[in-house]
Amino acid sequence: MGEAGEAWEGEGSSAGGVTPAGSPMPEAGLEAGPEAEVVKLLPFLAPGARADLQAAAVRHVLALTGSGPGRMLLAGQVALLRALVELAAAPVPAPARDAARALVNLAADPGLHERLLAAEPGMPARLLGLALDPQWPWAEEAAAVLANLSREPAPCAALMAALAAAEPGLERLVRALCTPGYNGHAPLHYLGPVLSNLSQRPAARSFLLDPDRCVVQQLLPLTQYPDSSVRRAGVVGTLRNCCFEHRHHEWLLGPEVDILPYLLLPLAGPEEFPEEEMERLPVDLQYLPPDKQREPDPHIRKMLIEAIMLLTATAPGRQQVRDQGAYLILRELHSWEPEPAVRVTCEKLIQVLIGDEPEHGMENLLEVQVPEDVEQQLQQLDRQEQEQCEQEQQEQERELAPEPQAEGTAPT
């Protein structure tokens, strides 16, 4: 669900942990099992423990979260998980940042989400408070934990419940994401993936698409946010999810929102168009500078195309997208696109725009009932296309790989 999990590696630590010289930290022994060694860390993670020992214990835990076996080991320690959450919210001199990073790594494993929530049911609400606190220095780490947790349905529901209980929760999250300098200590890029994951839930989409709130309009400029692909991907994913609501397509494409130029501009390059074609484009896409760059992330380009594809689900939507010259931008994108999977997605959208209209009663492509045998055939075609894309990608990588140097020769 949503974005791929992010992980942090421990800084200045290893799988064996870092123990200050002369401290009574437990040493790894051959006789004691790994679970017993982890349990010995608990006293050093408790509130009131000596600061240097507490920091070393958290670094040890952070190092363990860098591997699958280490995460599985920690996931079975309820008291330790609770202690990590407490430390992630503790003021200086507590090692809150490393504790939060350990939680990021644990939350990156979807198989551990149930255990994390069972150990600390209030974790989503607590981390949400930290992520939205303008003064909290490690708010980005708290947001990253939430981004990983909210990829799965159960933690996402828990986060939605926390937002509902903390009015104006979702509005405040959007404000924090869209306000430059909201937190002077943390950029809050990971609020983008959090919002994208939340927007897979109907209640979040209902909030975002409320015409009286003007929320979605605040997100549109961030489709070209220059400083973070994480934030851009989160915002574009949010917009794509909102486009599933075909009842709002007329509003989204109309003058109150005018979403299409914001989806097309990142896909546009520096190409020049004949005057008659240029006039068909929205003003924001006309006469782009010769150094105009397309969105560099292929995953984001694909989501932008998918969002436009969703907007063409209804006959009026298809006509509005055609009338704003989307085909011209997509034509040039298709000629340029180096990624096979993105190129295939672009081809499908172009076919919708230049193809014949569906017969009467099938105008809304999101509501068409596909017979089971036809659905299986389409799935088979999708698998074949995916295999072809992967094969093309492998061929491209082989072409880019350096030639092996003959033995005994020197490079020139």
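The values are calculated or read from the model by the stated rules, or taken from the named source; none is laboratory data. Note that this is a predicted model, so its numbers are computed, not measured. A quick note on method: Cβ atoms are made from the backbone with ideal geometry, for glycine too, and the neighbour counts reach across all protein chains shown. Accessible surface areas use protein heavy atoms only, side chains included; no ligands, DNA or RNA. Shrake-Rupley method; radii C 1.70, N 1.55, O 1.52, S 1.80 Å.
Among the residues making up region 129-159, those that are closer than 16 Å to R172 by Cα, hydrophobic (A, V, I, L, M, F, W, C) and open to solvent by 10 Å² or more (accessible area, probe 1.4 Å) are L130, W136.
The residues in region 242-253 that are open to solvent by 10 Å² or more (accessible area, probe 1.4 Å) and touching a residue at least 12 places away in the same chain (Cβ under 8 Å) can be counted, and the count is 6. Comparison of T223, T179 shows that the only residue that is within 18 Å of the chain's Cα centre (by Cα), more than 22 Å from L81 (Cα to Cα) and of a type in the set (S, T, Y) is T223. Comparison of L130, L188 shows that the only residue that is at positive phi and modelled with pLDDT of 95 or more is L188.
Listed residues G29, G10; which is part of a loop (DSSP other than H, G, I, E, B), under 21 Å from A186 (Cβ atoms), modelled with pLDDT under 95 and open to solvent by less than 50 Å² (accessible area, probe 1.4 Å)?
Details: G29 fails: under 21 Å from A186 (Cβ atoms).
Sole residue among the options that is part of a loop (DSSP other than H, G, I, E, B), under 21 Å from A186 (Cβ atoms), modelled with pLDDT under 95 and open to solvent by less than 50 Å² (accessible area, probe 1.4 Å): G10.
Taking the listed residues A36, A49, A55, the one that is in a helix (DSSP H, G or I), within 26 Å of W136 (Cα to Cα) and either small (G, A, S) or at pLDDT below 95 (or both) is A55, with no other qualifying. A count restricted to region 90-119 and to residues that are in a loop (DSSP other than H, G, I, E, B) and either of a type in the set (F, W, Y) or under 24 Å from L53 (Cα atoms) (or both) stands at 6.
Of everything in region 324-338 that is in contact (Cβ under 8 Å) with a residue 60 or more places away in the chain and not charged (D, E, K, R), the residue that is surrounded by the fewest Cβ atoms within 10 Å (Cβ to Cβ) is W336.
Considering the conditions (1) within 28 Å of S206 (Cβ to Cβ); (2) assigned to a helix (DSSP H, G or I); (3) open to solvent by less than 60 Å² (accessible area, probe 1.4 Å), V257 is excluded by exactly one of them, (2). Of all the residues in region 107-148, those that are in contact (Cβ under 8 Å) with a residue 40 or more places away in the chain and more than 21 Å from L188 (Cα to Cα) number 10. For region 278-323, taking the residues that are more than 17 Å from the chain's Cα centre (by Cα) and among the β-branched types (V, I, T), the one that is surrounded by the fewest Cβ atoms within 10 Å (Cβ to Cβ) is identified as V283. Scanning region 168-187 for residues that are under 12 Å from L128 (Cα atoms) and surrounded by fewer than 24 Cβ atoms within 10 Å (Cβ to Cβ) yields a total of 4.
State yes or no: is R232 out of contact with any Ser or Thr (no Cβ under 9 Å at 6 or more places or on another chain), of a type in the set (K, R), within 24 Å of P134 (Cα to Cα) and open to solvent by 10 Å² or more (accessible area, probe 1.4 Å)? Here the answer is no, as R232 does not meet what is asked. Restricting the first member to region 149-173 and to residues that are charged (D, E, K, R), and the second to residues that are in a helix (DSSP H, G or I) and open to solvent by 50 Å² or more (accessible area, probe 1.4 Å), the beta-carbon pairs closer than 8 Å and six or more apart or on different chains are R151/P110; E152/P110.
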